[in-house]
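Each remark here refers to the structure printed beneath this line.
The values are calculated or read from the model by the stated rules, or taken from the named source; none is laboratory data. From a predicted model like this one, the values you see are computed outputs, not experimental measurements. All Cβ positions, glycine included, derive from the backbone under ideal geometry; neighbour counts span all protein chains shown. For accessibility, only protein heavy atoms count, side chains too; no ligands or nucleic acids. Shrake-Rupley method; radii C 1.70, N 1.55, O 1.52, S 1.80 Å.
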Amino acid sequence: MGGATVPYRDLSVVVQAGGASDRVATESVGGERSLAPGETWRPSLAVDASAGDVVSVYAVHETSGELLFEDERRVAGDDDALSASLSVDSAAIETPGSTTLTATANHSGGESATFEWAVVDGGAYASLSANTGDRVTLAASSVTTTQTVTVRVTAAAGDQSTTRTVDVTLTPAPDTDAPAVTVLASSRSPESMLVAVSSDERLASLTVDVDGPDDETLALADFSRRGDGPGFVYERALDDVAAGTYEVTVERAADDAGNDGAGSRDFVDVEAADEDENEEADDGEWFREWFRDWLDDWAGGWFDWESDTWRDWFDDGE
């Protein structure tokens, strides 16, 4: 597995099984007289091992007497079985977040197990801290909608293997941010104003108070919405309002989670209608009434105002 090249004559492999042992040494293998890092030596062993026997292996450096390697394994039987289980600390993660997964395995023959992990679905949203070992951490990034991540572990022992999977649900973090809301009131024409509320989120409820000569409280249903995101504008035109100064205040502006971004306010001066136009209209009506009375008196009652063409002409302003 690494280190210096070692002459074969300096190495011995000792194997013990079933109450017997064998010591293997050689001068060369395949014409090569030394074992280099990364190479493999597979000597024949003069021992017999049956199912259930424990086989012990030792590698000895003869010139120094140093034990370089030792291990023991049990020979698996036909009835040996491997079982495994997979558990997760939390099957639902509020993102961003993480959870720990633990695998266990039992081999009836006493073989130790190894584990290999993988995210088989949902890898765009979460990743594993490692792909080996009996415990790993699943770390999830932020999601905007609920997602499912499937994790698989493969347990292996002896010549057997088995897999287990688990699903972990990823959920968005709760929305705790209030909408950013601004109200703008403007005078469109005499005795008329426009109230516009802008928001960086779609609003689930809206209340706007209009305080002035004509007080009014507006709800979300009173507004028309422009825009489908990321910005939204809610508009309402108010006509035939008295002239004067108005204070417009957003009393509530909540999103679907109930976060309220109320507080914005604005002021607007609404102008009165042109007085000259009103006087001209009043003068015209006064003359019209006077002329009707005069015509009735002059006609001495025989003049039919309701049907006469002259009155029709007068009313039409021709």
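Within the stretch 224-244, count every residue that is closer than 29 Å to residue 172 by Cα and crowded, with 17+ Cβ neighbours inside 10 Å.
Counting residues in the stretch 224-244 that are closer than 29 Å to residue 172 by Cα and crowded, with 17+ Cβ neighbours inside 10 Å gives 2.
Restricting the search to the stretch 1-29, which residues are within 60 Å of the chain's Cα centre (by Cα) and exposed (fewer than 13 other Cβ atoms within 10 Å of the Cβ)?
1, 2, 3, 4, 5
Working only within the stretch 201-229, note down all residues that are closer than 18 Å to residue 244 by Cβ and part of a loop (DSSP other than H, G, I, E, B).
212, 213, 214, 215
Looking at 285, 216, 247, which one is open to solvent by 60 Å² or more (accessible area, probe 1.4 Å), modelled with pLDDT of 55 or more and in contact with a strand residue (DSSP E or B) (Cβ under 9 Å, 6 or more places away or on another chain)? Let's see the steps before the verdict.
Values: 285 fails: in contact with a strand residue (DSSP E or B) (Cβ under 9 Å, 6 or more places away or on another chain); 247 fails: open to solvent by 60 Å² or more (accessible area, probe 1.4 Å).
On inspection, the qualifying residue turns out to be 216.
Say whether the condition of being more than 30 Å from residue 79 (Cβ to Cβ) and of a type in the set (Ser, Thr, Tyr) is met by at least one residue in the stretch 41-62. First the steps, then the outcome.
Let us first name the residues in the stretch 41-62 that are more than 30 Å from residue 79 (Cβ to Cβ), namely 41, 43, 59-62.
Cutting the leftovers down to of a type in the set (Ser, Thr, Tyr) gives us none.
No - not one qualifying residue is present in the stretch 41-62.
Among the numbered criteria (1) touching a residue at least 24 places away in the same chain (Cβ under 8 Å); (2) more than 24 Å from the chain's Cα centre (by Cα); (3) open to solvent by 80 Å² or more (accessible area, probe 1.4 Å), which single criterion is violated by residue 117?
Result: residue 117 fails condition (3) only.
For residue 142, only one of the following conditions fails: (1) open to solvent by less than 70 Å² (accessible area, probe 1.4 Å); (2) farther than 30 Å from residue 235 by Cα. What is its number?
Result: residue 142 fails condition (1) only.
Determine if the stretch 194-212 includes at least one residue that is under 18 Å from residue 181 (Cβ atoms) and surrounded by fewer than 12 Cβ atoms within 10 Å (Cβ to Cβ).
No.
Condition first: assigned to a loop (DSSP other than H, G, I, E, B) and of a type in the set (S, T, N, Q). Now tell me which residues in the stretch 107-153 satisfy that.
Residues of the stretch 107-153 that are assigned to a loop (DSSP other than H, G, I, E, B), as a first pass: 108-113, 122-125, 129-131, 133-134, 141-146.
If the condition is that a residue be assigned to a loop (DSSP other than H, G, I, E, B) and of a type in the set (S, T, N, Q), then 108, 112, 129, 131, 141, 142, 144, 145, 146 are the ones that fit.
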